[in-house]
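Peer 1: First the structure, which I've put down as structure tokens, then a few questions once you've had a look.
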Amino acid sequence: MNRIYCCFPGGKHKALTMSYDDGRVEDRRLVKIFNQYGIKGTFHLNSGLFDRGERIDPEEIRTLYAGHEVACHTVTHPTIARCPLPEVAREVLDDRRWLEERTGYPVRGLSYPNGSLSEEIEKLLPACGIRYSRVVGSSDSFALPENPYRWQATCHHNHQLMELGEQFLGLFKKQYLYLMYVWGHSYEFTDRDNWELMESFCRMMGGKDDIWYCTNIEFMDCMDDFKRLQFAADNHFVYNPNARDCFISVNDGPAVQIPAGKTVQL
Ligand SMILES: [Zn+2]
């Protein structure tokens, strides 16, 4: 019987994703660094706060974040665990509608404003079209998220970023999938005068053959696509009903690409 393992696109087993909140003007400098080194990230924006100084211009959302993901951070950044639940739904749905008008794609990610969440909110989010939501703090781990609605990053960029990056680069055991997830706010680099930290990190991490550089939602979609693959009972063929190609490894051999909409003999 074939042994099947899920792989990231291209058959890779390591993924790196970044997540930055609030849409302040420093995002321009951060995106430039990401783009220079081929790093991808997600930017969580508050649609109701663009008139508060030092935010990017809403007109530049589509171009500035091209190739990255734009995601929700609620309309007005309230501490949502203290709000009535219908208000939370409105904060998320109105944010999605406004952002989608400017991006042209379904906006399905969220990061909790002020890191505020509750079990009720977690249960509400799928009905609001949200596929994942990021909490605050650092897990110091490269494990995949068990609960996408309590998705904790590996680290904030001010928490052992270079050390964790080096550890991540050294991971080689192909029987595991690994994710490094970094979060923060771009204005923190200006506040602490440590832009060099992110420059060094991206220089160190970029351009590696065994790393998949992805946005938060691309990561979730890859995991979801794999779960929808339809394997024969004896694992001798598989049908991919998704709109994207999937990659699997068979008996620890080189990755097999399963084209979208196709059946492949294994
Ligand atoms: Zn925020």
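The values are calculated or read from the model by the stated rules, or taken from the named source; none is laboratory data. All values reported here derive from a predicted model rather than from experimental measurement. So basically every Cβ, Gly included, is an ideal-geometry build from the backbone, and we count neighbours across all protein chains shown. In case anyone asks, the SASA skips ligands and DNA or RNA and just uses the protein heavy atoms, side chains included. Shrake-Rupley method; radii C 1.70, N 1.55, O 1.52, S 1.80 Å.
Peer 1: In a Gaussian network model over the chain where Cα atoms closer than 10 Å are linked, find which of TRP195, TRP212, TRP183 has the largest mean-square fluctuation.
Peer 2: Top of the fluctuation ranking is TRP195.
Peer 1: Over all Cα pairs of segment 212-266, how is the pair count split among 10 Å bins, expressed in % and running from 0 up to the last occupied bin?
Peer 2: Here the calculated profile for segment 212-266 is 23, 55, 20, 2.
Peer 1: Calculate what fraction, in whole %, of the accessible area of segment 52-176 sits on carbon and sulfur atoms when a 1.4 Å probe is rolled over the protein chains.
Peer 2: Working: 3120 of 6300 Å².
Summing carbon and sulfur atoms, their accessible area is 49 percent of the total for segment 52-176.
Peer 1: Under the Karplus relation 6.51 cos²θ - 1.76 cosθ + 1.60, θ = phi - 60°, what is the ordered set of whole-Hz ³J(HN,Hα) values for segment 7-22, x standing for Gly and Pro?
Peer 2: Working through the residues one at a time gives 10, 7, x, x, x, 6, 10, 10, 10, 10, 9, 10, 8, 10, 9, 5 Hz.
Peer 1: Determine the alpha carbon to alpha carbon distance for each of LYS40/LYS262; LYS123/LYS174; LYS32/LYS262; LYS123/LYS208; LYS40/LYS174; LYS123/LYS262 and list only those over 32 Å. Please report the intermediate quantities before stating the final value.
Peer 2: Working: LYS40/LYS262 28 Å; LYS123/LYS174 34 Å; LYS32/LYS262 38 Å; LYS123/LYS208 37 Å; LYS40/LYS174 23 Å; LYS123/LYS262 34 Å.
Over 32 Å Cα-Cα: LYS123/LYS174; LYS32/LYS262; LYS123/LYS208; LYS123/LYS262.
Peer 1: What full-extension length gain, to one decimal in nm, is calculated for HIS236 and MET1 as 0.36 nm per residue of separation minus the Cα-Cα distance? Don't jump to the answer; show the numbers that get you there.
Peer 2: Details: separation 235, 0.36 × 235 = 84.60 nm, distance 0.79 nm.
Extra length from HIS236 to MET1 when fully extended: 83.8 nm.
Peer 1: I've got another one for you. Cα extents of segment 112-178 along the three principal axes, largest first, in whole Å?
Peer 2: Sorted largest first, the three principal extents are 39, 29, 16 Å.
Peer 1: Whole number please: convex hull volume per residue of the Cα set in the chain, in Å³?
Peer 2: Details: hull volume 34.2 nm³, N = 266.
Cα convex hull per residue, to the nearest whole number: 129 Å³.
Peer 1: OK, next. Hey, what number do you get for the chain at 222 nm if only DSSP H runs of n ≥ 4 count, each worth -39500 (n - 2.57), divided across all residues, to the nearest 500? Present the calculation step by step, with values, prior to reporting the outcome.
Peer 2: On the way: 8 runs with 80 residues, N = 266.
Calculated from helices alone, the mean residue ellipticity at 222 nm is -9000 deg cm²/dmol.
Peer 1: Looking at the chain, identify the longest residue range that excludes and avoids all GluC sites (Glu not before Pro) in DSSP loops having at most 16 other Cβ atoms within 10 Å. Display every interim value, and only then the final one.
Peer 2: Details: sites that count: GLU54, GLU146.
Answer from the scan: 147-266.
Peer 1: Separate question: Cα centroids of segment 145-175 and segment 104-133: how far apart, whole angstrom?
Peer 2: Segment 145-175 and segment 104-133 have Cα centres separated by 22 Å.
Peer 1: Something else about it: Largest first, please: the extent of the C-alpha atoms of segment 70-224 along each principal axis, to the nearest Å.
Peer 2: Answer, in whole Å and largest first: 46, 39, 30 Å.
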